[in-house]
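S.K.: One structure coming up, written as structure tokens, with questions to follow.
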Amino acid sequence: MGNCCSDEMGGGGGHAGRHSVGPAAAAAAAAAEAASAAADRFLRSRGAGASTQVELSLSASNLGDQEFFTKSNPMVIVYSKSKEGALEELGRTEVILNSLNPSWNARINVHYQFEVYDIDPQFHDVNEKMLKLEEQQFLGEAVCLLSEVITKQNRLLTLKLGVSEHNLPNPSKFGELNVQAEESAGSKAIMEMVFRCSDLEIKDLLSKSDPFLLISRISESGVPVPICKTEVRKNDLNPKWKPENPLIIECFNFSSNGKHDLVGKIVKSVAELEKMYHSQDGENFFVPASTAHDSHSKEVLKSQVYVEKYLENNRQTFLDYISAGCQLNFMVAVDFTASNGNPRLPDSLHYIDPTGRPNAYQRAILEVGDVLQYYDPAKRFPSWGFGARPIDGPVSHCFNLNGSTYQPEVEGIQGIMSAYISALRNVSLAGPTLFGPVVSTATAIANQSLANNQQKYFVLLIVTDGVVTDFQETIDAIIKASDFPLSILVVGVGGADFKEMEFLDPNKGERLESSTGRVASRDMIQFAPMKDAHGSGISTVQSLLAEIPGQFMTYMRTREIQAIS
């Protein structure tokens, strides 16, 4: 739908240095920034993430002919496949009569999420439009990830049709399927609006309310999908913000315990919001009535919201950069400190199960790598270990996982797995846990790529079982890395208390500051323990991956880098 932003306070990216301000002003700014970061977490807890609508166009060539007297009458049904293998129909094309080289007019709308998606198109030979699907002849199927389509030149992927469990009269010839992806025009639109509220109720006991707005789009199924939020306005009952299905605009009173009080809400379409702007009329907030017998009743409040600015424009999107040839390069760093336990024993986090069941380190690498590998055509991934003592050598805090002296890259995800298992046999677990050397090494690669004018953005995955001991060195390395095309995901494995690691995540703590007083130029690091459970079947790793497109776009926009083929 578009982005929500603000020119009132710094709610997004950081600055290269601090301005000189008084202690009181600095403390107030820090408190407001911490509150907005907590409100960001609230937004993500409601299911917000980087996503867009994609339209799939389908055509086929040289389909197998299953008719005796005429050619087949093909149609396509497109499914999404869950991790458990269950299929959910996304849409189907029209029937093309008497054709083995059909091109369908119908577009299949797919909700693209960077962190997860695969599709399964299946062909049927249909003689009459209203016949039951199970009664139709099956012509073939193909399975692919949506990321495989959008990373291809012109977003066009050709798949060989095959068969899994259907017995066809002519199984030797199935033909090919062409899948063309196009981002919907609405996903490229960015709307800039300024909101202002008046006469908000006081929700706090000892001060005025600390309001922020949460804006959601109502999906076709009726479920609200969060789009964006404004920053928190501390101690203000008349706040001002800047930030076809209707939008839900909810005003909350910020609470540091995360249980934000609903002040009121409105439900308006974009057209109605535009009308409010032109008329300069306010809209009264309402709250659901407290009467249990009528869930549809509401209480209209005196408080009002105004649209003070409305602009509409188009923007370049994450998929524009990817289709223009920009690559996401995957990097891995694995913790080999002694706290992981003896790898030969089953209770070790590094234990290699002979049954093939992956350990926690392998699971984290696979979950991230299975998504990122399709955005890197070469699939050569720099892989390091840290906190171990190579044979007859001192403890190393950044060694090549493959044992090479000079070359850290391995071939594919399986190459990472093989190098990891080999390293376990050739190093002695030691310590301490230092991130600084690994982050600096990854930054150097990103810096060299930038110097060579390559269209690359790097994602470093650090998997660890403990808390870092080089806090300031790590912070200094992260702040330097924020100036380069790099994001860092830190996944904690095992049963350690990772509370002290939250300093790495700007959404959970204070803004990072270097030993020289410099702050990060943008948010580009996320931390989460793998043991955390997430609703809606979204894993810890997927929740971290969902941040990558936003961090990528922040880097590109702040440096005015255009998506050029």
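S.K.: Could you look through region 366-400, keep only residues that are under 24 Å from K456 (Cα atoms), among the hydrophobic types (A, V, I, L, M, F, W, C) and out of contact with any Pro (no Cβ under 7 Å at 6 or more places or on another chain), and pick out the one that is surrounded by the fewest Cβ atoms within 10 Å (Cβ to Cβ)?
M.R.: A378
S.K.: Hey, does region 434-453 have a residue that's under 26 Å from L145 (Cα atoms) and under 27 Å from the mean Cα position of the chain (by Cα)?
M.R.: Looking for residues that are under 26 Å from L145 (Cα atoms) and under 27 Å from the mean Cα position of the chain (by Cα), one finds none in region 434-453, hence no.
S.K.: Specify which of the listed residues (K203, K129, K173) is within 30 Å of P377 (Cα to Cα), at pLDDT below 80, assigned to a loop (DSSP other than H, G, I, E, B) and over 32 Å from the mean Cα position of the chain (by Cα).
M.R.: One residue alone meets the criteria, K173.
S.K.: Also, I was wondering about something else. Could you say which residue among V307, V267 is assigned to a strand (DSSP E or B), at pLDDT 80 or above and open to solvent by 30 Å² or more (accessible area, probe 1.4 Å)?
M.R.: V267
S.K.: Sticking with this structure for a sec: Answer with yes or no whether K208 is in contact with a Ser or Thr (Cβ under 9 Å, 6 or more places away or on another chain), at pLDDT 70 or above, among the basic types (K, R) and part of a loop (DSSP other than H, G, I, E, B).
M.R.: No, not satisfied.
The values are calculated or read from the model by the stated rules, or taken from the named source; none is laboratory data. This structure is a prediction, so every number in the text was calculated from the model and none was measured. Virtual Cβ from ideal backbone geometry, glycine too; neighbours counted across all protein chains shown. These area figures cover heavy atoms from the full protein model, side chains too; ligands, DNA and RNA do not enter into them. Shrake-Rupley method; radii C 1.70, N 1.55, O 1.52, S 1.80 Å.
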